[in-house]
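Each reported figure results from applying straightforward, stated rules to the coordinates on display, with no laboratory input. The shown structure was predicted, so the numbers you read here are calculated from the model rather than taken from an experiment. When we count neighbours, we look across all protein chains shown, and the Cβ atoms used for this are built from the backbone with ideal geometry, even at glycine.
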Amino acid sequence: MNATTTPTSTTPTDGVAGIPTGLFIGGRWRDACGGKFFEVENPATGEVLAAVADAGPTDADEALAAAVAAQAAWARTAPRYRSEILRRAYDLVIARQDWLAEVMTSEMGKPLAEAKGEVAYAAEFLRWFSEEAVRISGDHTTTGDGANRIIVTREPVGPCVLITPWNFPLAMGTRKIAPAVAAGCTMMLKPAPQTPLTSLALAAIFQECGLPDGVLNVVNTTDAATVVERWMSSGDARKISFTGSTAVGKILLRQAADTVMRSSMELGGNAPFIVCADADIDTAVEGAMGAKMRNMGEACTAANRMYVHRDIAAAFSERLARRMAELKVGNGLDDGTQVGPLIDSAGRAKVQRLVDDALTRGATALTGGQLPDGPGYFYPPTVLADVSPESELMTTEVFGPVAPVIPFDDEDEVIARANDTEWGLVGYVFTQDIDRAFDLGERLEVGMVGVNTGVVSNPAAPFGGVKQSGLGREGGKVGIDEFLEYKYLSVPRRQGR
Ligand code: ADP
């Protein structure tokens, strides 16, 4: 398939056919310099969906130049103007929910129902930040001696590098693009190579909504290290917002140090899921299904370690295993599928390795644990009982549908074990005692806590972690702050009046 030069359809409904496959730079769709492409695969079938322009360093430089050229005029636009572009994008994304969901399922694997849920979640960032764009506020005070006015204003930080992962291709895009647009920043978006089509579809929607040329530039590449380094070392890009692995986040932070760039990092997690003896077991199992099985477990918020009080560990594990075993695994595009394939063969091999390690160290598989035959990167929903604390699963983000259950005896012990990790994104606490819920929630070293719920993500809430899970927050009232600088004007007051 060849790259297109213009978006081919304004009302696409036909699989990936309506999506431009070029680079989107300065408001134009074009091939990569050198004409390279890479193929996008459906992880359920191995089918090649499209060939997408594969950017190199010259393309990276042009995208940066386009963002830099557009920045000054874009920063001066009226907040309402930016707000209405976001609102139009919200309306279009919602209007095309089914189509976008199908695109995402095709390139990423998640079941259609989940993909539709992600489209709604992703759209909500557009609406939320359309509302925030017109609420950017400052401050006005006087110096202590009364001699000067202090007038504090907010300005966009400048051109931004946005890097997104493959697990939530649409929502991770809107979670970064929407606040950047609201704040008046231009940007270079580099999506994950596994899922470029969703980002290209979103770029076409923004173009249709009247986003000025050069504000959003989308650069797909199989050589992220080279392309992104061009931007990081340029001195012209003023901010990096990254969602992905802790290892890559650290590389980018080192690069950001050289040009002193503002940095927002959403990195890995190793979420503890604590079920106290007094928890309602049905609520806890329901929460576990959400916290573990959303996105086949391929989420940084996924419960990675399920600590269940010894008195109820067997009952909890059995019920969870029953629910997990009932799930229908298959191609996400097929009716009734509840669990799609994992993203690729490396992702699946890692899951199998971690499960094998836990089994070798004495765990029991109550369901799953075996690689299925046939095409696609499928892995069965798996519950492991009596997982040893020494298992590699305890210190590694599994990113798959595997629930390891570890019994515990007392609260101090479980908090110590839950916090014994370099990560700190999210934790979950299940108990019917409100004091215990607050106490455990406060003692967990994480950025977010789900209390009797397995889902914390919401555009109105500040998403982010502590320790090596990241820096900064996305969404909520503070989400836009990541894209704004303070500026203060000192204005002397007339004396003696
Ligand atoms: P995963 O292992 O889940 O794919 P990564 O952290 O490797 O997580 O990928 C997240 C995003 O970071 C993707 O868009 C990927 O292309 C990008 N990426 C990977 N390596 C680098 C790098 N050296 N510099 C910049 N971006 C990178």
Of all residues in the range 229-256 being within 11 Å of the ligand (Cβ to nearest atom), more than 18 Å from the chain's Cα centre (by Cα) and among the basic types (Lys, Arg), the one that is surrounded by the fewest Cβ atoms within 10 Å (Cβ to Cβ): Arg254
Count - residues of the range 257-279 that are touching a residue at least 12 places away in the same chain (Cβ under 8 Å), within 16 Å of the ligand (Cβ to nearest atom) and more than 14 Å from Thr301 (Cα to Cα): 6
In the range 434-457, the residues that are of a type outside the set (Gly, Ala, Ser), closer than 30 Å to Ser130 by Cβ, surrounded by fewer than 23 Cβ atoms within 10 Å (Cβ to Cβ) and in contact (Cβ under 8 Å) with a residue 40 or more places away in the chain: Thr453, Val455, Val456
Qualifying residues in the range 229-274 (those that are part of a loop (DSSP other than H, G, I, E, B) and small (Gly, Ala, Ser)) - the one farthest from Gly479 (Cα to Cα): Gly235
Gly184, sole failed condition from (1) surrounded by fewer than 24 Cβ atoms within 10 Å (Cβ to Cβ); (2) small (Gly, Ala, Ser); (3) more than 14 Å from the ligand (Cβ to nearest atom): (1)
Every pair of residues 6+ apart whose Cβ atoms lie under 8 Å, when the first sits in the range 217-239 and is within 18 Å of Val181 (Cβ to Cβ) while the second is in a helix (DSSP H, G or I) and within 12 Å of the ligand (Cβ to nearest atom): Val218/Ser199; Val219/Ala60; Val219/Val227; Ala237/Trp231
Single match in Val219, Val215 (criterion: farther than 30 Å from Val398 by Cβ, touching a strand residue (DSSP E or B) at 6+ places or on another chain (Cβ under 9 Å), more than 11 Å from the ligand (Cβ to nearest atom) and aliphatic (A, V, I, L, M)): Val215
